[in-house]
Amino acid sequence: MKLQAGILSLALVCGACSSNKSATETDVVKDGFDFASQQLKYAFTEVDSVMNNLTEEQKEKMIFAPRNIQPDGSLRLVASRDWCSGFFPGELWYMYEYTGDDFWKEKALEFTAPVEREKTNGKTHDMGFKVYCSFGNGYRLTGDSTYRDIMLESAKTLTTRYKDKVGAIRSWDHSTDKWDCPVIIDNMMNLELLYWAFKETGDSLYYNVATNHALTTLKNHFRDDYSSYHVVDYDTITGAVQKKQTHQGYSHESAWSRGQAWGLYGYTMAYRETKRPEFLDQAKHIANYIFTNPTLPEDLIPYWDYQAPNIPNEPRDASAAAVSACALYELSMYDQENAEKYKEWADKIVESLNGENYRAQLNGDHGFLLLHSVGSGNSKSEMDVPIIYADYYFLEALLKKQKLENTGSAIL
Ligand code: GLY
């Protein structure tokens, strides 16, 4: 049953299939995937080159997945425990989804396998990023039951981080000198794995943990203008909010761009899974905050923080834009009144990202697709460089655009 669903989904978005849409409308999708097809083949040679020259220390760390370009110009590979380990395998599944070509499936299988060891890692909330982007896409497209088992174990592990008193999943275990129970807006993204586990098993634990987390975040993470704090720190004994801060944004009271995008995607997805009107309202408000923001440039690729001090002389964050585009395609299905506007914004983002200002050099830039993302402007790390999650969400946005235009649904 699942396998059939996977094959059907592949057929619906397959780039080789005929489309009802005009060539112009689908050009950006085809062009983006044609580029990705060449560039990711180059990425494999770049990964091999690092893997063939590993130091003993790197061998012990079991690094395998591209994350970003380092300040010295080198390619940084990470191990499964890094929060970014699932994005490269996820991209390869998207390549398989678009092309239907087994070459990409074989590569996706190869790069997905090392992520399995995360299924019992209860020390981080990033399970969704790691496992849903890799195994999740793989399971959706192949129906492989071993993938299902790995995902269910991962979802179970993630629920162990849920704090009853707080009503949310604890995000980080680090920085205990600053925070007791930090919950970050990014964590909204990891709920999709839990909603999936609920649908697979019928176990309401997954649904309740995810929905409580989304409700608690809605209550405490947002300002009156619907911008969000990055980190909210809770007292685990009383559940009370202790601090509202940033970790990667410009300041505690600023709006970190990727955080706003995680919120937009997170509440759009939470609405899909629950149909709770407050989640839809939240997504609409976040979209409005982002896309009416006076600092948002014309190409709709935001600066790394909406209040970064030296705008317009600040780096952009292509990753935030790519995440928002994914969310907007789906949000356009749920809010008829604003559907056209959401789709136009998303289309503008993918056009911008696919253009010369953001596209990496073919057979250069270590095989990344997009330039100009920021990891943490606050600590000046990964400043204005290619970062793997920008590429992942860019391909996801292209697939969602194509599917929305072909079928009326942006849900992959
Ligand atoms: N989840 C971490 C980040 O967005 O950088």
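About the Cα centre, and with charges only on the beta carbon of Lys, Arg (+1) and Asp, Glu (-1), how big is the dipole of the stretch 193-341? Nearest 20 debye, please. Mind dumping the intermediate values first?
Details: 12 positive and 19 negative charges, 53 e Å.
Here the size comes out at about 260 debye.
About its Cα centre, what dipole magnitude does the chain give when the only charges are +1 on Lys and Arg Cβ and -1 on Asp and Glu Cβ, stated in debye to the nearest 20?
Taking the Cα centre of the chain as origin, the dipole is about 980 debye.
If you take every residue apart from LEU412 with its C-beta less than 13 Å away from the C-beta of LEU412, what net charge results, scoring Lys and Arg +1 and Asp and Glu -1?
My count for the surroundings of LEU412 gives +1.
Please report the net charge: other residues with Cβ closer than 10 Å to the Cβ of LYS284, K and R +1, D and E -1.
Every neighbour counted, the sum reads -3.
So for MET127, MET383, what's the accessible-area order with a 1.4 Å probe, most first?
Descending accessible area places them as MET383, MET127.
Each residue of the stretch 296-310 in order: what ³J(HN,Hα) in whole Hz does its phi give by Karplus 6.51 cos²θ - 1.76 cosθ + 1.60, θ = phi - 60°, with x for Gly and Pro?
Values per residue, Gly and Pro as x: 6, x, 4, 7, 6, 9, x, 5, 5, 9, 5, 10, 3, x, 10 Hz.
Please list, in order along the stretch 43-51, the HN-Hα scalar couplings obtained from phi with the Karplus expression 6.51 cos²θ - 1.76 cosθ + 1.60 (θ = phi - 60°), rounded to whole Hz, x for Gly and Pro.
So the Karplus estimates, Gly and Pro as x, are 4, 4, 5, 5, 5, 4, 5, 5, 5 Hz.
Considering the dipole of the chain built from charges on the beta carbon (Lys and Arg +1, Asp and Glu -1) around the Cα centre, which of GLY32, ILE387, THR216 is farthest to its positive end?
Sorting the options by dipole projection puts first THR216.
For each pair in LYS119/LYS199; LYS130/LYS275; LYS156/LYS403; LYS156/LYS199; LYS275/LYS400, compute the distance between the two Cα atoms and list the pairs where it is over 22 Å.
LYS130/LYS275; LYS156/LYS403
Which of the lysines could a cross-linker span from LYS401 if the Cα-Cα distance has to be under 16 Å and same-chain partners fewer than 8 positions apart are dropped?
LYS21, LYS30, LYS341, LYS343, LYS348
Lys and Arg at +1, Asp and Glu at -1: add these up for the other residues within a Cβ distance under 10 Å of GLY239 and post the number.
For residues surrounding GLY239, the net value is 0.
Can you give the alpha-carbon Rg of the chain over 2.2 N^0.38 Å, where N counts its residues? Show your work: numbers first, answer last.
Numbers: Rg = 19.7 Å, N = 412, 2.2 N^0.38 = 21.7 Å.
Compared with the compact-globule rule of thumb, the chain sits at 0.91.
For the stretch 85-213, what does the accessible surface come to per residue with a 1.4 Å probe? Please give it in Å².
33 Å²
Peptides 227-234, 351-358, 130-137, 332-339: what's the order by average Cβ count within 10 Å, highest mean first?
Answer by packing, highest mean first, reads 130-137, 227-234, 351-358, 332-339.
Report, ordered by chain and residue number, the aspartates and glutamates lying within cross-link reach of LYS107, taken as a straight Cα distance under 18 Å and ignoring same-chain residues fewer than 8 apart.
Here the aspartates and glutamates satisfying the reach criterion relative to LYS107 are ASP34, GLU46, ASP48, GLU91, GLU97, GLU116, ASP144, ASP391, GLU396.
Roll a 1.4 angstrom probe over the protein heavy atoms and tell me the percent of accessible area of the chain that is carbon or sulfur.
48 percent
Report ³J(HN,Hα) in whole Hz for each residue of the stretch 267-281, in order, from the Karplus equation J = 6.51 cos²θ - 1.76 cosθ + 1.60 where θ = phi - 60°; Gly and Pro get x.
Along the stretch 267-281, the couplings run 6, 5, 5, 5, 5, 3, 7, 10, 6, 7, x, 5, 6, 5, 4 Hz.
Please list, ordered by chain and number, the residues whose modelled amide H lies under 5 Å from the amide H of SER373; skip anything fewer than 5 residues away on the same chain.
ALA318, ASP384, VAL385, ILE387
What residues qualify as long-range amide H neighbours of TYR234, i.e. H under 5 Å apart, gap of 5 or more or another chain, H built at 1.01 Å from N?
Hits under the 5 Å cutoff: ASP180, CYS181, VAL183, GLN242.
Among LYS61/LYS123; LYS61/LYS163; LYS59/LYS380, which pairs are too far apart, with a Cα-Cα distance over 19 Å?
Table pairs above 19 Å Cα-Cα are LYS61/LYS163; LYS59/LYS380.
Only helical DSSP H runs with n ≥ 4 go in: add -39500 (n - 2.57) per run for the chain, normalise by residue count and round the 222 nm mean residue ellipticity to 500 deg cm²/dmol.
Calculated at 222 nm, the ellipticity per residue is -16500 deg cm²/dmol.
Sequence gap at least 6, Cα distance under 8 Å: using those rules, report the relative contact order of the chain to the nearest whole percent. Intermediate results must be reported in sequence, preceding the final value.
On the way: 804 pairs, mean separation 69.0, N = 412.
Here the relative contact order equals 17 percent.
The values are calculated or read from the model by the stated rules, or taken from the named source; none is laboratory data. Here the structure is a predicted model, which means the values were calculated and not measured. Virtual Cβ from ideal backbone geometry, glycine too; neighbours counted across all protein chains shown. Remember, those area values only see protein heavy atoms, side chains included, never the ligands or the DNA or RNA. Shrake-Rupley method; radii C 1.70, N 1.55, O 1.52, S 1.80 Å.
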